[in-house]
Amino acid sequence: MLNDVEAIYENGVFRPLTPVGLPEQEQVRLTVVLATESDWLDTEFVASCAAEADTLLTLDQIRASLAKIRGSMDDAIESDRGEH
């Protein structure tokens, strides 16, 4: 189960700011990220991109594809998308 929970750290203990819906004594794993560091990151979008990613592509294949683009990247994107 994955659940983002905002918490405050007080007296050596993480205290959730909202109910977490877990039974008492349930063991969990925490990843601590300061709220000010993550405010700019759209984690839902990042997760959706990760779910759609083609894990069979290598970095070298991507670099080779990008190297074939002539001119500016803006022009290539406009050409691919068409007029908006």
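The table below gives the values:
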| item | result |
| --- | --- |
| Cα-centre dipole for the stretch 7-81 with unit charges at Cβ (Lys and Arg positive, Asp and Glu negative), debye to 20 | 240 debye |
| Calculated FRET efficiency for the pair residue 13/residue 55, C-beta based, R₀ 41 Å, to 0.05 | 0.60 |
| For residue 7, residues with placed amide H under 5 Å, excluding near neighbours | 17 |
| Selection from 62, 25, 45 lying farthest towards where the dipole of the chain points positive, charges on Cβ | 62 |
| Sequence of 46, 32 once ranked by neighbouring C-beta atoms within 10 Å, starting from the fewest | 32, 46 |
| The stretch 4-31 versus the stretch 37-83: alpha-carbon centroid distance in Å | 35 Å |
| Additional length obtainable on full extension of the chain from residue 4 to residue 30, 0.36 nm per residue less Cα span | 8.4 nm |
| FRET efficiency estimate (nearest 0.05) - Cβ-Cβ, residue 70 to residue 46, R0 35 angstrom | 0.70 |
| Where the Cα pairs of the chain fall when distances are cut into 5 Å bins, in % | 2, 9, 12, 14, 14, 12, 8, 8, 7, 7, 5, 1, 0 |
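Any read-out appearing in this document is the output of simple, stated calculations on the displayed coordinates, not a laboratory observation. Keep in mind that this is a model prediction, so the values were computed, not measured. Cβ: placed from backbone, ideal geometry, glycine included. Neighbour counts: every protein chain shown.
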